[in-house]
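Note sheet for the following structure.
The values are calculated or read from the model by the stated rules, or taken from the named source; none is laboratory data. Remember, it's a predicted structure, so these values are computed and weren't measured experimentally. Please note: Cβ atoms are built from the backbone with ideal geometry, for glycine as well, and neighbour counts cover all protein chains shown.
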Amino acid sequence: MKKNFCALLLVFLTGCTAVEGLSNRAKFPYSEGEIKVSEAKGGCWLQITDAITPDIVSAFRLALDDFKSRKCESRWISLDSPGGSVSAAIQIGDLIRDNGLNTSLFADGGTCSSSCGIIFIAGVRREVNKGLISGGNIGFHQISVTDARGNKSCLQQPSPAYTALEGYANRMLPKKGAETFVKMVGSTSCHQIQQYRYGTLLDVGIVTGAGGAGTRFF
């Protein structure tokens with residue numbers, strides 16, 4: 001009875017139904033949050049749920065070492081992030097693809113905006129909850145730079161930053177998907193977020209299928 005009560009309490013606290021068997025949790029902090037690693041039902045989840053800052057890369061490397069050391073039937077990078085540093089996202093994305101990992105939004109909902117989308121496209125499999133994404137949970141906008149006074153300005157194409165992004169997208173996606181991804185990023189002001197529906201992203205290969213994965217814990 002006590003065990004069942006604890007399981008129900010964890011569901012209530014996390015807002016997620018996929019918590020049965022959650023075990024061996026680890027957290028890797030950085031300046032804006034922490035990366036979380038957990039196991040459930042034979043699968044392993046690495047969660048990025050906070051802003052993407054330059055120092056997240058070192059935390060991700062530590063989390064990745066832990067992630068790879070676990071014996072898992074499947075491995076997913078679960079995302080729910082407002083984005084942040086483009087350079088950091090590209091570095092994380094390269095590590096994800098080099099290790100043959102999959103990416104998803106959380107099955108119970110999640111938002112992947114700005115540079116989070118750069119991480120998302122690195123997955124070998126890239127899945128989202130079809131019903132949730134129809135409301136718009138993946139969003140893109142132009143690359144931006146911030147000056148010493150904190151003023152943000154949008155970078156326009158062509159620029160070295162977009163050249164680097166294009167090269168990255170070509171490594172991660174089929175040709176049509178890479179071209180569409182870069183176009184989506186460059187066509188919306190950095191002061192806004194343009195969200196796209198599941199069907200659009202599936203048609204060009206940015207998303208590979210419906211599903212979504214991940215077990216939240218705090």
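Quick look at the numbers
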{"read-out": "So L22, is it at pLDDT below 90 and in contact with a helix residue (DSSP H, G or I) (Cβ under 8 Å, 6 or more places away or on another chain)", "value": "yes"}
{"read-out": "Candidate set: the stretch 144-183, residues that are surrounded by fewer than 20 Cβ atoms within 10 Å (Cβ to Cβ) and β-branched (V, I, T); chosen: the one modelled with the highest pLDDT", "value": "T163"}
{"read-out": "Unmet criterion (only one of (1) in contact with an Asp or Glu (Cβ under 9 Å, 6 or more places away or on another chain); (2) of a type outside the set (S, T, N, Q); (3) more than 22 Å from G110 (Cα to Cα); (4) buried (at least 20 other Cβ atoms within 10 Å of the Cβ)) for V207", "value": "(3)"}
{"read-out": "Verdict on R149 being out of contact with any Phe, Trp or Tyr (no Cβ under 7 Å at 6 or more places or on another chain), in a helix (DSSP H, G or I) and at negative phi", "value": "no"}
{"read-out": "Among (1) small (G, A, S); (2) within 27 Å of S144 (Cβ to Cβ); (3) surrounded by fewer than 22 Cβ atoms within 10 Å (Cβ to Cβ), the one test that G43 misses", "value": "(2)"}
{"read-out": "Restricting the stretch 22-59 to residues that are small (G, A, S) and in a strand (DSSP E or B), the residue that is farthest from the chain's Cα centre (by Cα)", "value": "S23"}
{"read-out": "Unique residue being in contact (Cβ under 8 Å) with a residue 60 or more places away in the chain, outside any loop (DSSP other than H, G, I, E, B) and hydroxyl-bearing (S, T, Y) when the list is Y168, Y162", "value": "Y168"}
{"read-out": "Out of S114, S74, S38, sole residue that is surrounded by 19 or more Cβ atoms within 10 Å (Cβ to Cβ), touching a strand residue (DSSP E or B) at 6+ places or on another chain (Cβ under 6 Å) and polar (S, T, N, Q)", "value": "S38"}
{"read-out": "Some residue of the stretch 195-218 being in contact (Cβ under 8 Å) with a residue 24 or more places away in the chain and more than 25 Å from N129 (Cβ to Cβ)", "value": "no"}
{"read-out": "Candidates K175, K183, K130 - the one that is of a type outside the set (V, I, T), touching a residue at least 40 places away in the same chain (Cβ under 8 Å) and within 20 Å of T208 (Cβ to Cβ)", "value": "K130"}
{"read-out": "Residue in the stretch 68-86 that is in contact with a helix residue (DSSP H, G or I) (Cβ under 8 Å, 6 or more places away or on another chain), part of a helix (DSSP H, G or I) and in contact (Cβ under 8 Å) with a residue 60 or more places away in the chain present", "value": "yes"}
